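Please read the structure below before turning to the comments.
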Amino acid sequence: MATSEWWQKAVIYQIYPKSFNDSNGDGIGDLPGITAKLDYLKALGVDALWISPIYASPQVDSGYDISNYRVIDPRFGTNEDLYRLITEAHTRNIKVIMDLVANHTSDQHVWFQQSRQSRNNYFSDFYIWRDPRPDGSAPSNWGSYFGGSAWEYEPMRKQYYLHYFAKEQPDLNWENPLVREAVYDLMRFWKAHGVDGWRMDVISGISKFTDFPDYPTPNNESFVVGALHANGPRLHEFLQEMNQEVLTPFAMMSVGEAPGSTAHNARQFVDHTRRELNMVFTFDHMDIDHDHNAPFPEKFHPLPFDLVKLKHSLSEWQNILFEHGWNTLYFENHDQPRVISRWGDDQQYRYQSATAFATVLHGLQGTPYVFEGEEIGMTNAYNFELADYNDIEVTNTAKMLGTAVTGLSATELLAAAHKISRDNARTPMQWDATANAGFTSGQPWLKMNANYATINVATDRQQTQSIFAYYQQLIQLRHNAEWVTAGKYQLLLATDPQLFAYTRTYHDHSWLIVANLSSANAATTALQQALGKQQCGQLLVQNYPARQTLAAPLQPYEALIAELK
Ligand code: GLC
Ligand code: CA
């Protein structure tokens, strides 16, 4: 597989627009706010922005419930504000990728408003409608990702509609060619306005098992994340059609979100000979701390960090996709907590663990995604009480407390939310130490992380130990070193509980990437043995500046990239 596409040398920065930068003091980040920070993003060195949904939306699920795909939500600005942002980004050689949420719409979308009215209008089959069972109950025992049944009754049609997510997010019926054409058409609309590519929300879910078989275990809501809600029978046919209709003719980059996908079926999405998507976000490595035997929602019963599992998962993707497809590389996004709080040490070793996790990720083959604030080591928000959460995942679970469903007390849910909830990533960006971290002159839409006076962009960039500066280095390395793009991956010390070590080999030369992902010193004897005759040469990147060879043990969260000779 060639490695000459722009996105194969790129680093992409994800913006969660509500929380990035507020230009007009209403407490909500907006498009002019993003435009005002383009020079900051240019200084970091990123090549493209992925902007989470900014379309008209009632915000039941933070914009992932879209009521009009062609209009920017007034909270974020106007369509003209977006066109200006795109122009300004392009002037700086930064591409713009939008979120395509096409598994479902908002129930306020005109398509659904029409569809729910009757069984025989133009939009009737835009969604997935089924008759009740003879006893009036839902057509199957499927559960929604956000809790409760995945079916909602609509009295006007005397039928149920399917919703994998909130009941305000009805699933579109991709079996209907009119739906598919409508989606392709809106993609062309945004292309005409300069959009360079798409991040596709839960794309693995668009094709349904249309006979809706019951789960084997009745009422087993944990079953939602898996077998029946992803990888339906016509998924790849639909993606190939989309590719032919839009992606290839209009040269748009694509990254699909693919929950429920194993390494094997990920390759079906991205094998370049199949002409579907450029890359997918997979979840294996994000699932290593999920306890699949825990009650619903599993994620609020997190397990401790297991480095061996992380290495196994990331290595599997590196190996299976090598020369066939392209990987995404990420630890954070708007659905995940901060990696240093989840798996690192966000107190004593905040700089070291932020740079160590960045090193192992950015040394891999694929396209790295940096989530806003990751580049300055932002942490989870420990100052949240249950009432402070906005995320529907937490608020819905809070409603089920004390019931047999979750098995959680309020104290346990709060502790789990501090560890794993999505709002940890969604607190406003911390720009400086002034009021509300310089994010807004008004009242922020979500509580600020209490640590903004010490953790913020201005402070970080003044330090000798600057996480931002370290990211700049990693990004430059990706831009300049062909081996980072194309080199073959080899994991070392697969079962070592402290070290994540691997080599990349390109045209007979090798490079070593190693990090001690623990807060104790780690001996390097086994590493040196694994390297055999190869010696550590020039150090290209390191987060403990004094080191010159591999002789001394690696200190807590010490990381480096070195040429081997
Ligand atoms: C994706 C989004 C998430 C959203 C869900 C439903 O997983 O990343 O934020 O809640 O889809 O649209
Ligand atoms: Ca605003």
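The values are calculated or read from the model by the stated rules, or taken from the named source; none is laboratory data. As the structure is a prediction and not an experimental result, all values here were calculated from the model. Positions of Cβ are generated from backbone atoms using ideal geometry, with glycine treated the same way; all protein chains shown enter the neighbour counts. Note: areas computed on protein heavy atoms with side chains; ligands, DNA, RNA excluded. Shrake-Rupley method; radii C 1.70, N 1.55, O 1.52, S 1.80 Å.
Order the following by accessible area, largest value first: Arg275, Arg234. Probe radius 1.4 Å; ligands, DNA and RNA are ignored.
Per-residue accessible area, sorted high to low, gives Arg275, Arg234.
Given a 1.4 Å probe, how much area per residue of the chain is accessible, in Å²?
Per residue, the chain has 36 Å² of solvent-accessible surface.
Residue by residue through the stretch 233-250, which ³J(HN,Hα) values in whole Hz follow from phi under the Karplus form 6.51 cos²θ - 1.76 cosθ + 1.60 (θ = phi - 60°), with glycine and proline marked x?
x, 10, 3, 6, 4, 4, 5, 5, 5, 4, 4, 5, 6, 10, 5, 6, x, 9
State whether the stretch 465-511 is rounded, prolate or oblate according to the following rule on the C-alpha gyration tensor (a ≥ b ≥ c being the square roots of its eigenvalues): a/c under 1.5 gives rounded; otherwise a/b larger than b/c gives prolate, and the remaining case gives oblate. List each step's numbers first, then the result.
Values: a/c = 3.59, a/b = 1.16, b/c = 3.10.
Here the stretch 465-511 falls in the oblate category.
By the gyration tensor of its Cα atoms, with a ≥ b ≥ c the square roots of the eigenvalues, what is the shape of the stretch 483-555: rounded for a/c under 1.5, prolate for a/b over b/c, or oblate?
prolate
For the stretch 162-175, take each phi angle, set θ = phi - 60°, evaluate the Karplus expression 6.51 cos²θ - 1.76 cosθ + 1.60, and give the result in whole Hz per residue in order, putting x for glycine and proline.
8, 9, 5, 10, 5, 5, 7, 10, x, 6, 6, 9, 6, 5
Could you let me know the centre-to-centre spacing of the stretch 53-122 and the stretch 341-408, using Cα atoms, in angstrom?
26 Å
If amide hydrogens are placed 1.01 Å from N in the peptide plane, which non-local residues have theirs closer than 5 Å to the one on Ala150?
It is Trp142, Gly143, Ser144, by chain and number.
Taking the highest mean first, how do the peptides 191-201, 87-97 order by number of other beta carbon atoms within 10 angstrom per residue?
191-201, 87-97
Check Gly537: other-chain or 5+ apart residues with amide H under 5 Å from its amide H, H built from backbone geometry?
Residues meeting the amide H criterion: Glu563, Leu564, Lys565.
Residues with amide H under 5 Å of Tyr69's amide H, sequence separation 5 or more or different chain, H placed in the peptide plane at 1.01 Å from N; which?
Under 5 Å from the amide H of Tyr69: no residue qualifies.
Give the relative contact order (percent, whole number) for the stretch 506-565; include only Cα pairs under 8 Å separated by 6+ residues.
Relative contact order, the stretch 506-565: 55 percent.
Find the relative contact order for the chain and round it to a whole percent, using C-alpha pairs within less than 8 Å whose residues are 6+ positions apart.
Taking the mean separation of contacting Cα pairs over the length of the chain, I get 13 percent.
Using a simple charge model, +1 on the beta-carbon of Lys and Arg, -1 on the beta-carbon of Asp and Glu, nothing else, what dipole does the chain show about its Cα centre, in debye to the nearest 20?
Approximately 860 debye in magnitude.
Carbon and sulfur together cover what percent of the accessible area of the chain at a 1.4 Å probe radius?
Carbon and sulfur: 50 percent of the exposed surface of the chain.
I'd like the Karplus ³J(HN,Hα) series for the stretch 343-354: coefficients 6.51, -1.76, 1.60, θ = phi - 60°, whole numbers in Hz, and an x wherever there's a Gly or Pro.
With coefficients 6.51, -1.76 and 1.60, one gets 10, x, 10, 8, 10, 5, 10, 4, 4, 5, 6, 4 Hz.
Applying a 10 Å radius around every beta-carbon, put 476-483, 167-174 in order of their mean neighbour count, most first. Let's see the in-between values first.
Values: 476-483: 15.0, 167-174: 22.4.
Order by mean packing, descending: 167-174, 476-483.
Compute the relative contact order of the stretch 116-244 as a whole-number percentage, counting only Cα pairs closer than 8 Å that sit 6 or more residues apart in sequence.
With pairs under 8 Å counted, the relative contact order is 24 percent.
Between the stretch 224-295 and the stretch 442-499, what is the C-alpha centre distance in whole Å?
27 Å
Output the antiparallel fraction of DSSP beta bridges having both residues in the chain, as a percent to the nearest 5.
Counting DSSP beta bridges with both partners in the chain, the antiparallel share is about 55 percent.
Divide by every residue of the chain the summed helix terms, -39500 (n - 2.57) for each DSSP H run of at least 4, and state the resulting mean residue ellipticity at 222 nm, rounded to the nearest 500 deg cm²/dmol.
-7500 deg cm²/dmol
Rounded, prolate or oblate: pick one for the stretch 328-418, where a ≥ b ≥ c are the square roots of the eigenvalues of its C-alpha gyration tensor, a/c under 1.5 means rounded, and failing that, prolate if a/b is larger than b/c, else oblate.
Verdict is prolate for the stretch 328-418.
Give me the distance between the Cα centres of the stretch 519-558 and the stretch 11-26, rounded to whole Å.
Each part reduced to its Cα centre gives a spacing of 38 Å.
Hey, which of these cross-link pairs are over 18 Å Cα-Cα: Lys299/Lys419; Lys167/Lys399; Lys167/Lys299?
Listed pairs above 18 Å: Lys167/Lys299.
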